[in-house]
Amino acid sequence: MKFALVTGGSRGIGRAVCLKLADMGYHILINYQSNLEEAKKTSALVEEKGVTAQLLKFDVSKENEVNEVLAAWLDANKDKAIEVLVNNAGIRKDNLLMFMSADEWHKVMDIAVDGFFNVTRLVVKDMLVKKYGRIINITSLSGLKGLPGQTNYSASKAAVIGATKALAQEVGRRGITVNAVAPGFIKTDMTEGIDEKAFRTLIPVARFGSADEVADTVAFLASPKASYISAQVISVNGGLYS
Ligand code: NAP
């Protein structure tokens, strides 16, 4: 059985990615942090597509939780393969740097950067053995361009881009590609409260994007068709300067 693991799969972009990967025939491991109700909704939608869904509850930033839950799953399922890993879990806690608390800084950094590390190092081992894998990291326009009020978020997403490029070089010979997808403004809970009209003039296609539009790019990168694309950052941002 071939599996895809999507961190932060309970809502938003993560849910859309779970559904696209289910369409590709993958059984889906849906990680979430706390929102069981939304995670169950994703799970039901995935199962409607005729594949299995399993919920894995852990905070990606907490090494002990990742080890307890994910390492335990890997141990108990040695006959199965996680072929696709999508590091999608993320939060934003915007503030101007001069007002930013240490907590706002560390929470955002820990989930994006430690989260990438905690999850990927467990999953990549088996990909190396099986000589096949697709790792896709969801970063952001903010990590490419830097956005004011988001020094924490921009730094965390830029760090993940660096990690993407480095890891791609470590594992490429083993049939594993590592890429990043950098969305612009996408309609999810994360952008609730941001006035689309105010930003429309800045975006060449003149609207926010949908989670599905990001998920389609992720699905392509996860497919065998993308076997010669690695160490790249693909922007999905309606043409915003980056
Ligand atoms: P969202 O709707 O707020 O969903 C966030 C997801 O991440 C939820 O599934 C949440 O789980 C999970 N999550 C948060 N903290 C976690 C943790 N510590 N451990 C495990 N899971 C955790 O966000 P989204 O808009 O879909 O964003 C998804 C990714 O795209 C993020 O990395 C974000 O930075 C990036 N992105 C988004 C946009 C945008 O405009 N929306 C733009 C650029 C990049 P629970 O449901 O359990 O809380």
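Side notes on the structure shown:
- Of all residues in region 167-192, those that are in contact (Cβ under 8 Å) with a residue 24 or more places away in the chain and over 13 Å from VAL236 (Cα atoms) have Cβ atoms under 8 Å from Cβ atoms of residues that are of a type in the set (Val, Ile, Thr) and near the ligand (Cβ under 6 Å from one of its atoms), 6 or more apart or on another chain, in THR188/ILE13; MET190/ILE91.
- Answer from THR139, THR120 - the residue that is surrounded by 18 or more Cβ atoms within 10 Å (Cβ to Cβ), in contact with a helix residue (DSSP H, G or I) (Cβ under 8 Å, 6 or more places away or on another chain), under 17 Å from GLY8 (Cβ atoms) and in contact (Cβ under 8 Å) with a residue 60 or more places away in the chain: THR139
- Residue check for LYS107: under 21 Å from ASP59 (Cα atoms), part of a helix (DSSP H, G or I), within 14 Å of the ligand (Cβ to nearest atom) and among the basic types (Lys, Arg): yes
- Test: ALA76 is without any contact (Cβ under 8 Å) to a residue 60 or more places away in the chain and farther than 22 Å from GLY143 by Cβ: yes
- Residue within region 81-90 that is away from the ligand (no atom under 16 Å from the Cβ) and acidic (Asp, Glu) present: yes
- Which listed residue is under 17 Å from LEU85 (Cβ atoms) and among the small types (Gly, Ala, Ser), from GLY175, GLY149, GLY143: GLY175
- Complete set of residues in region 31-63 that are near the ligand (Cβ under 9 Å from one of its atoms) and small (Gly, Ala, Ser): SER34, ALA39, SER61
- Residues being on the phi < 0 side of the Ramachandran plot, more than 8 Å from the ligand (Cβ to nearest atom) and free of Cβ contacts under 8 Å to residues at least 40 places away in the same chain - total across region 8-26: 2
- The numbered conditions (1) of a type outside the set (Val, Ile, Thr); (2) assigned to a helix (DSSP H, G or I); (3) in contact with a strand residue (DSSP E or B) (Cβ under 7 Å, 6 or more places away or on another chain) are all true for LEU85 except (2).
- Number of residues in region 4-50 that are surrounded by fewer than 24 Cβ atoms within 10 Å (Cβ to Cβ) and part of a loop (DSSP other than H, G, I, E, B): the value is 9.
- Selection over region 114-149 of residues that are part of a helix (DSSP H, G or I), within 14 Å of the ligand (Cβ to nearest atom) and farther than 20 Å from LEU240 by Cα gives a count of 7.
None of the figures in this text is laboratory data; all of them are computed from the coordinates on show. Worth saying up front: this structure is predicted, and the values here are computed from it rather than measured. Cβ sites come from the backbone with ideal geometry, for glycine too, and all protein chains shown count toward neighbours.
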